[in-house]
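Colleague: Here's a structure for you.
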Amino acid sequence: MTWWTERRIALPLTGWPLALLVAGFVLPGLFGHDPWKTEDAVGMGVVWQMVASGNWLTLGLAGEPFYEDGPLYYWVSGLLVKGLAWGLAPHDAARIASGAFVLLALWFVRLAARDLYGKVQGDLSMLALMGCVGLMWHAHQIAPENAMLAGLAAAYYGLAISHKKPLKAAIVFGCGTGAAFLAKGLMAALQPLAAALLVLPLSGVFRARNYAISVALGLVVLVPFVAVWPLAVAHYAPAYFDRWLAWQFASVTTAPGWDTTVYYLKIFVWAAWPVWPLGLWAAWEYRRYLRDPGFAVPFIGAIVAVALLLFGAHPSEMDALAVLVPLAIPAGATAVGLRRGAANALAWFAIMTFTLAAGFAWVMWLVALTGFPSQIEYNIVKLAPGYVFQFRWLPYLVASALTIGWFVLLLKSERSTMRSLTYWAAGATLGVGLVMTLWLDWIDFGKSYRQVATSLARQLPKGHGCIESRGLGESQRATFHYHAGIETRRAELYGATGCRWLLVQALIDAEPPRPGPTWVLVWEGHRPRDLERYRLYRRR
């Protein structure tokens, strides 16, 4: 009792409490559910195409070439799928790659902030990245952007230590930039490269011998990453290489448009919370120290990242994750120096947000499990018709442990300005954990394509031949291929085909145009709470 009343939890968390918090953030959500629309399904589709076809050189999706990403993430996921086939479903094994890359991103952000600001600030910067809503939302998906984050974080760590340890900095910077390139291509690699050219000249150490050595060696280390795979593809699959290279250059537009700017502003407001207000505050605090590496490394990197996004030809919420790394690095130093009123406001915002969200998750789960009150239970069931809630001990125990840990942290942590980022990271862990334990089966029932895909496959005889498709999205093509081995020839890409079968996707409340008198409807299906429906026709 004396411990409970007198001893406080020191902040920021260190040792095993910090390790448990990171594990609680990374692990829930990686296992136990099918690929979900959109990024998760597309990512699994590319991994599955690689594993099933045995082609590890070029990327494909449901029988068609895929040009949008690099191979690094899919190589790692594919190796995990093959290596863990004895004990894990392919999609669960593939997601382990996301967990590993997110851990690397957290670790390198921590190291970069420690070198620039100090030990405590480094721990807080890692917690700041964990607390970002965008990372919380996407960290558990089968997505190459998670590998991009790890590469960018390593590259910024290399920049942070370049004036002290040029050889180590060169290796880390070159490998990190190369990993970003192999994860997402040219635009991802340009961010740390541009920062390297701008940061240290601006910070007043351009003439330093260590920096010159670090930059030169870093570029040497980078060469194999940007040369070996593209040259191999150019030699063995020249047509693919030409299309992939064209996609890379086509992803950059000549000038940012107003629509793109507004789009990313809306994304940043929630995806980069809470690091963007801390970043703005840090920019104000460092306004007189423009030549200090503590300013130059993360802030010039953030400016470059935003500029590259605005010049992107294909605005994407996932690409916006690249800004989180340079914004998270100074967040720890900002949190330490926050005025008490601002720190308390951010901490209380986290307390109210995540406590209310956790209470809502628990109450709704109890309602769904017990059926009382019946009206609320009816509304829950209506969203997933046919699903029956069942009590399972393991998810319940994990959710209970996360909830108890949250309240112990709130009640026992010391009162300091460092509570704000600690609470955000712990709250993000609690939110992800409760959704991915109490509600995982319910969400998966509505978001999985497994039942639709297997139902469709049962309508197709053996040796059915090619299937033409109209309006079928990437997520659907990926999951139909993964769950049922169904590949289609898209009319949008190939034009009219001589296929005997036709698969059409349309909105559930819209009557799709009839394909013609030569086609007979043989099947129709959709997910329980989906607006999309699928119709299979057979040629007469």
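Please treat every number below as a calculation from the coordinates, not as lab data. These figures come from a predicted structure and were not determined experimentally. Cβ coordinates were reconstructed from backbone atoms using ideal geometry, including for glycine residues, and neighbour counts include every protein chain displayed.
Colleague: Tell me, what is a quarter of the convex hull surface for the C-alpha atoms of segment 373-438, in nm² with one decimal?
Modeller: Value for segment 373-438: 6.0 nm².
Colleague: I've got another one for you. Could you sort the peptides 525-534, 476-485 by per-residue average Cβ neighbour count (10 Å cutoff), highest mean leading?
Modeller: 476-485, 525-534
Colleague: List the residues, sorted by chain then number, that are 5 or more residues from SER469 or on another chain and whose placed amide H is less than 5 Å from its amide H.
Modeller: ARG489, ARG490, ALA491, LEU503
Colleague: I've got another one for you. Between the DSSP loop rule and a limit of at most 13 other Cβ atoms within 10 Å, which trypsin sites (Lys or Arg not before Pro) in segment 143-185 are left?
Modeller: For trypsin sites (Lys or Arg not before Pro) across segment 143-185 that sit outside H, G, I, E and B with at most 13 neighbouring Cβ atoms in 10 Å, the list reads LYS164.
Colleague: Please sort 447-455, 271-279, 359-367 by packing, taking for each peptide the average over its residues of neighbouring beta carbons within 10 angstrom, highest first.
Modeller: Highest mean packing first, the order is 271-279, 447-455, 359-367.
Colleague: I need the phi-derived Karplus couplings for segment 26-38: 6.51 cos²θ - 1.76 cosθ + 1.60, θ = phi - 60°, integer Hz, Gly and Pro marked x.
Modeller: Listing the rounded values in order: 7, 6, x, x, 7, 10, x, 8, 6, x, 10, 5, 10 Hz.
Colleague: Which FRET efficiency, nearest 0.05, do ALA19 and THR518 yield, Cβ-Cβ r, R0 45 Å?
Modeller: 0.10
Colleague: Continuing with the same structure: Which of the cysteines found in the chain have nothing to pair with, since no other Cys Cβ lies under 4.7 Å from theirs?
Modeller: CYS132, CYS175
Colleague: Provide, for q = 0.12, 0.14, 0.20, 0.21 Å⁻¹, the log10 of I(q)/I(0) from a solvent-free Debye sum over equal Cα point scatterers in segment 12-122.
Modeller: -0.52, -0.66, -1.02, -1.08
Colleague: Amide H to amide H, which residues 5 or more places from SER413 or on other chains are under 5 Å from it, using H placed in the peptide plane?
Modeller: Here ILE9 satisfy the definition.
Colleague: Assuming a viscosity of 0.890 mPa s and a temperature of 25 °C, what translational diffusion coefficient in µm² per second does Stokes-Einstein assign to the chain, Rh being the Kirkwood radius over Cα pairs?
Modeller: 98 µm²/s
Colleague: Taking the convex hull of the alpha carbon atoms in segment 52-91, what volume per residue do you get, in Å³?
Modeller: 77 Å³
Colleague: Here is a further query. Take peptides 34-43, 79-88 and line them up by average Cβ neighbours within 10 Å, highest first, as a rough protection proxy.
Modeller: The densest-packed peptide leads the list: 34-43, 79-88.
Colleague: For the chain, what proportion of DSSP beta bridges, expressed in % and rounded to the nearest 5, is antiparallel?
Modeller: Approximately 70 percent, going by the DSSP bridge assignments.
Colleague: Another one. Using alpha-carbon pairs under 8 Å, 6+ residues apart, how would you state the relative contact order of the chain in percent?
Modeller: Dividing the mean separation by the residue count of the chain yields 19 percent.
Colleague: Please report the relative contact order for segment 85-212, taking Cα pairs under 8 Å with a sequence separation of at least 6, and give it as a percent rounded to a whole number.
Modeller: About 23 percent, as a whole number.
Colleague: Please go through the residue pairs LYS82/LYS184; LYS119/LYS165; LYS382/LYS447 and name each one whose alpha carbons sit more than 21 Å apart in this structure.
Modeller: Over 21 Å apart, Cα to Cα: LYS82/LYS184.
Colleague: Taking the Cα centre of the chain as origin, work out the dipole magnitude from +1 charges on Lys and Arg Cβ and -1 charges on Asp and Glu Cβ, in debye rounded to 20.
Modeller: The dipole magnitude comes to about 520 debye.
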